[in-house]
Amino acid sequence: MRYLAALICFAVLAFAGMDGQTGSSAPMESRPVHGTDGITLTVENTFDPVTKALGLDIIEDVTFTYVLGTNNEDLVVQAYDAYTGNPLGSLPLDPANGSCFGVAWNNDLADDTYYTSDWNSTSLFYTDDFGLNWSTYPSPAGDRARGMDFDGTDYWTTNGTGGGLWRFQPGVGESNLAIPEVTGQPSGVTTFPYEGDVGVAVTTYSDHSVWFYVWDGASLTYLGSAPCPLPCSSSYGLAYSSNTDTIFWSYRDTGNNYKISELSFDISVALQQETWGSIKTTF
C-alpha cells in the first residue's frame with residue numbers, strides 16, 4: 001500500500017481560478033432537497049477542503065475512507081479523511097496535467113493505480129508508483145473529459161463540452177452513452193451498487209442537480225434527478241463510498257468557497273421508468 005506512506009499532512013494553500021467550465025454559472029438559491037422523480041438527497045456532513053477540489057474519488061477498505069480531490073493549480077490530488085475532513089496528504093500530478101479535473105483509483109490497495117483526466121489534453125494520465133512516474137493513454141473523451149470513476153470493471157468519465165458519458169477500459173475499448181435528460185455542462189460522475197447493477201450519478205457545473213442512471217451491462221436507463229441540497233455557484237465532483245453508503249459532492253458555494261459535502265440518497269423510482277432513456281451499446 002504505497003499510497004499510505006505518502007499520505008502526510010500538507011499546509012493550507014490559497015486557491016482560486018480555472019475549473020474547466022466553458023459556459024456561465026449562475027448561483028443557485030436554497031431549494032428543496034426532494035426531486036420530482038422519487039429521489040431524495042440529504043446533507044450528512046460538510047467540510048472545507050484545504051485546497052481547490054474539482055473531481056473526486058474514494059479510497060477505502062474496512063478500516064478507513066479517504067476522499068480524493070483534484071487541484072490543477074497546485075498540481076496535486078489531495079486526500080482527506082472522509083469522517084473528519086482532515087487533510088492527509090497529496091499525490092503529485094504530471095506537470096503536463098495542468099488542466100486536471102477527474103481522478104479515478106483502480107480499487108486495488110495492493111497494486112494501486114490512479115488515472116486523471118485533463119480538459120486541455122487528449123491524454124488520460126496514469127501512475128502506478130504514486131506520482132513518481134506518469135504515463136498516458138488516449139482519452140476516450142478527447143480534451144473534453146471532466147469527472148471520472150471506476151465501477152470495478154469499467155471506468156467512466158463525463159464529456160464536459162459535448163454531453164454524454166464515456167464507459168471505457170484504458171487502451172482497450174470505449175463506448176459513448178447519451179444522457180439527454182441532463183441539462184447544462186457535465187462535470188462530476190460516480191458509480192454505486194444499485195439492485196445488482198451499476199448506478200451512475202452525474203452533476204453539472206451550472207444546472208445544480210444530480211441525475212441518476214442504472215447500467216445493467218447492456219443499456220443505460222434514466223432513474224430521475226434531485227436538486228443539489230445546498231446553495232452553490234458551481235457543482236464539481238461526485239464520489240461514492242461503500243463504507244458509508246453515501247455520495248461525496250464537491251462544489252463552490254455562493255461565497256466562492258470550495259466545499260465537500262457528504263450526501264445520503266434515497267431512490268424510489270416507479271417501475272415504468274425503467275425503459276426511459278435506455279441507450280444500447282456494443283462495448
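The values are calculated or read from the model by the stated rules, or taken from the named source; none is laboratory data. Quick caveat, the model's predicted, so the values are computed rather than measured. So basically every Cβ, Gly included, is an ideal-geometry build from the backbone, and we count neighbours across all protein chains shown. Surface areas here come from the heavy atoms of the whole protein model, side chains and all, with no ligands, DNA or RNA. Shrake-Rupley method; radii C 1.70, N 1.55, O 1.52, S 1.80 Å.
Taking each residue of segment 67-95 that is closer than 18 Å to residue 236 by Cβ and looking for partners that are among the basic types (Lys, Arg) with beta-carbon atoms closer than 7 Å, six or more apart or interchain, yields 71/52; 73/52. Residues being aromatic (Phe, Trp, Tyr) and open to solvent by 10 Å² or more (accessible area, probe 1.4 Å) are represented in segment 110-117 by at least one member. Do we have residue 212 as crowded, with 18+ Cβ neighbours inside 10 Å, aromatic (Phe, Trp, Tyr), in contact (Cβ under 8 Å) with a residue 12 or more places away in the chain and in contact with a Pro (Cβ under 9 Å, 6 or more places away or on another chain) here? Criteria not met by residue 212.
How many of the residues in segment 140-184 are within 22 Å of residue 226 (Cβ to Cβ), of a type in the set (A, V, I, L, M, F, W, C) and outside any strand (DSSP E or B)? Number of matching residues: 3. Listed by position, the strands (runs of 3 or more DSSP E) contained in segment 45-102 that have at least 2 residues being over 17 Å from the mean Cα position of the chain (by Cα), buried (at least 18 other Cβ atoms within 10 Å of the Cβ) and at pLDDT 95 or above are 87-92.
Can you tell me which residues in segment 215-246 are of a type in the set (A, V, I, L, M), touching a Phe, Trp or Tyr at 6+ places or on another chain (Cβ under 7 Å) and surrounded by fewer than 24 Cβ atoms within 10 Å (Cβ to Cβ)?
Within segment 215-246, just 220 meets the criteria.
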